[in-house]
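Encoded as structure tokens, the structure appears first; notes follow it.
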Amino acid sequence: MKNTILWLQIVALFLCVLCIPLRAYPQVAPATGTEAPETRSFPIGLDYACFRDLADTTKDYIEIYYSFNRRVLKFVAEEQSYVAIILMRLSITDELGNEVDSQMWNAGSQVDDAEKAKNVDYLIIDEVGTRLKPGNYQVTLQARDVNSMSSGEATLKFEARKFSSEKLQLSDIELASKIEPDTSVGHLNKAGKKIFPNPYRIFNHKDGMIYFYAELYNMAYAPKAKPEYSLNFSVLDVNGKKIKDFGDQTQIKPGNSAVVISGINIATLDSGEFTLQVEAKDKETGQKAYSTKKFTVFKEKSPEELVAERVKQFKQDVVYIASPSELSLFDQLNYAGKLTYMEEFWRKKDPTPETPENEFKTEHYRRISYANFHFSRTTESNDGWNTDMGRVYIRYGEPSEIERHPSTRGTKPWEQWNYHEMQGGAYFIFVDEMGYGVYRLVHSTLNGEVHDTKWEERIKSGESEE
């Protein structure tokens, strides 16, 4: 187990850093011709896992995983190859801001073709280790390319756990992009495997699998004790609901501790955020232990799916400004026809077709953005376009003036939007009927809008003023 690995010392120059193909990870665009290399920065993936330290039971052994795209590096010629050198610095501070660990080392990457290295996505991955007492910490990792002086920095907060010496417990989970058999000695090797960590925690559904590593402690292990323990792997959605269960599997105890090395199939998961849950049960004591880790699935879309999304978004965007006959005609077209129709729809509404900008389209999307920001039901829903206030704002624009009336003992909150230039002066009455900040349109003097001459009855709260 990792507990037998000594504290990582400063790595020698030209450390052989591991590279794997980059697929579903954030992409980094190459520098433009006008961008000074020394001003560039690049993202770093950063993650961690805490394990019990058998050598010092007062501390945890912390593995810190990091990665970045090889494309961000500048390679210079050296004999028969090209070399990039990266200066790395790790700093860990406690809750009071005191630095409790600091490590510096040089890392390197060597390629045969500098142009290929610049244009092909490869992920450089590595890990460093430290020992810390239980508590809350922040780690900061900095990387600087010696050849270009571009740099990257990442921070994360984590908790070093207090592991029990008696209670069944699981360590943190290390997520991995792949796991290979390897009995050699290496700082990514443990339990006869080479674990390739995925610090971004982003997985492509086409890869099909998420791999992971964890450690299980304090099982009852004695001649008369039941020799089995069970494991269960499941996936939870953002609300903590179990959406995929991979069933129970029974294992034979190798001792009072064990490693958990496995993987789950994610090919059927949609894009989004999920949680991997690992559950262990000691069949002798009945004790259970849990550990969880969040991850993201990135599902690449086919050209047909992308077109379908564009079509769906277009219908939503123009629902208030397109006539029923226009939408009906749009629905009857095939995908190619729909794409042509979308371009023609905006072209016909361009007030100045001789200029590059379509002012009507720009203003329309500004209104949608404004409506989503100001009228959404919640800060997360982004559905302001689908409220009464959002519809009126998108269709008719900014009111000439707004009269706001807060709630009283006798009335509910309500607003009157006045449009002086429409039909010689028109207005809209909105009422917050439920008291949740969502206003419904109850009356308007504009032709074609809802009309209720008794709208004043709608704003009464039912409470009499004393």
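Bear in mind these aren't lab numbers, they're just calculated from the coordinates by the rules spelled out. Owing to the predicted nature of the structure, the values given are computational and were not obtained by experimental measurement. Cβ placement follows ideal geometry from the backbone for every residue including glycine, while neighbour counts extend to all protein chains displayed.
Computed from the alpha carbon atoms alone, the convex hull of the range 2-298 holds 150 Å³ per residue.
Taking 0.36 nm per residue of separation and subtracting the current Cα-Cα distance, fully stretching the chain between I252 and R409 would add 49.5 nm. Taking the charge dipole of the chain about its Cα centre, with +1 at Lys and Arg Cβ atoms and -1 at Asp and Glu Cβ atoms, the residue from I266, A426, V307 reaching farthest to the positive side is I266. Packing here is the average count of other Cβ atoms within 10 Å per residue, and on that basis the peptides 283-291, 113-121, highest first, run 283-291, 113-121.
Mark the label point 7 Å from the Cα of S91 along Cα→Cβ and return the residues of the range 119-143 whose backbone N is within less than 16 Å of it. Flagged as within label range: 137-143. Global dimensions of the range 399-466 from alpha-carbon coordinates: Rg and Dmax equal 12.5, 40 Å.
Estimated from helical segments only, the mean residue ellipticity of the chain at 222 nm is -5000 deg cm²/dmol, where each DSSP H run of four or more residues counts as -39500 (n - 2.57). In this rough spin-label picture, where each label sits 7 Å from Cα along the Cβ direction, the K241-T140 distance is 4.2 nm.
Packing here is the average count of other Cβ atoms within 10 Å per residue, and on that basis the peptides 359-366, 60-67, 79-86, highest first, run 60-67, 79-86, 359-366.
Taking the Cα centre of the range 2-298 as origin and assigning +1 to Lys and Arg Cβ atoms and -1 to Asp and Glu Cβ atoms, the resulting dipole is close to 780 debye. Let's test the formula: R0 of 45 Å, r as the Cβ-Cβ distance of S102 and R377. What FRET efficiency results, to the nearest 0.05? Calculated value: 0.40. As a calculated quantity, the FRET efficiency between R347 and Q110 at R0 = 35 Å, using C-beta atoms, amounts to about 0.10.
For the range 121-268, rounded, prolate or oblate, judged on the Cα gyration tensor with a ≥ b ≥ c (square roots of eigenvalues), a/c < 1.5 rounded, else prolate if a/b > b/c? In terms of gyration-tensor shape, prolate. For the set K301/K338; K133/K244; K315/K454; K193/K253; K206/K294, the pairs lying more than 24 angstrom apart at their alpha carbons are K133/K244; K315/K454. Here the extension length gained between T340 and K167 equals 55.7 nm, from 0.36 nm per residue of separation less the Cα-Cα distance.
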